[in-house]
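What follows is a set of notes on a single structure, which appears directly below.
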Amino acid sequence: MPFTFKRFHIDDSRCGMPVSTDGVLLGAWAPLTEAKSILDIGAGSGLLSLMAAQRSQAYITAVELEPLAAADCLNNFAASPWSARLALVCSDIASYAQAYSQSKAALFEHIICNPPYFANGPQSDNSARAAARHTDSLSFDTLLQSIKALLAENGTVSLILPSETVAQLETKLAPNQLALCGKLSAASVEDKAPNRHILLLSHAAQSTANVFEQLLTVRLKNGQYSNEFIQLSKDFYLKL
């Protein structure tokens, strides 16, 4: 379903995952404004890449496996004000990481990703939606190995995950020589436990003992957005 933001438009009609609050939360919070190069893994419609383009002066590379989603992404990039800073690669991230490493090109200063996270359970009859949501298409191990290979020495990574799987990914950080340096935990409704977590990662060699943590509520009990969510996302949503 098409979705119009303040400075760009998204057509996600052929994407497995439509525009969501998760994506907006990640794209608005990720500390990427100073990055000169950004990689969007599993770009889908291109939402995160376009939010990153609005918030930074970076050159952004989006990697998307599904050809139909990639076609939507490319169209959304072309229609945006930042098309000259946006590039799309239709590939799986492991193959892209291998080829990129061999090219000796400069590594990415920030990597952003809203990854598949369900390891089991029923899958959608829509194959594109199933691939976007389930780790059959991209395991945490493959994701983290690719991130390690593509992340600049002092670079950072932003990922969003549900509460059910965040601990699973965290246990895989050390074996991949990555470390947690920050976390935003978000509750969908006031007085509810957080159900989404944005993890900020770095190379383990660059990490410190201090991990900062933040809490955020998306909506109040009356259904309205909280002031903190409004402040975070007001540059994007039309009605804020």
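Figures for the structure shown
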quantity: Proportion of all alpha-carbon pairs of region 65-107 beyond 13 Å (%); calculated: 61 percent
quantity: Accessible surface of region 26-80, 1.4 Å probe, proportion on carbon and sulfur as whole %; calculated: 58 percent
quantity: Surface per residue (accessible, 1.4 Å probe) for the chain, Å²; calculated: 47 Å²
quantity: Heavy-atom accessible surface of region 153-212: percent carbon and sulfur, 1.4 Å; calculated: 50 percent
quantity: Exposure rule at most 14 other beta-carbon atoms within 10 Å, DSSP loop GluC sites (Glu not before Pro): the chain longest free segment; calculated: 35-189
quantity: Lys/Arg +1, Asp/Glu -1 at C-beta; the chain dipole; positive extreme among A105, A58, G155; calculated: A58
quantity: Pairwise Lys count, the chain - Cα closer than 15 Å, eight or more residues apart or different chains; calculated: 5
quantity: Sum of side-chain charges, I230 neighbourhood, beta-carbon under 13 Å (Lys, Arg +1; Asp, Glu -1); calculated: +1
quantity: Binned Cα-Cα distances of the chain, short to long, each 5 Å bin given as a whole percent; calculated: 1, 6, 14, 19, 21, 18, 13, 6, 1, 0, 0
quantity: Low-density loop positions, trypsin sites (Lys or Arg not before Pro), region 13-121 - DSSP coil, at most 15 other Cβ in 10 Å; calculated: K36, K104
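The values are calculated or read from the model by the stated rules, or taken from the named source; none is laboratory data. All figures in this text were calculated on a predicted structure; none of them were measured in a lab. So basically every Cβ, Gly included, is an ideal-geometry build from the backbone, and we count neighbours across all protein chains shown. These area figures cover heavy atoms from the full protein model, side chains too; ligands, DNA and RNA do not enter into them. Shrake-Rupley method; radii C 1.70, N 1.55, O 1.52, S 1.80 Å.
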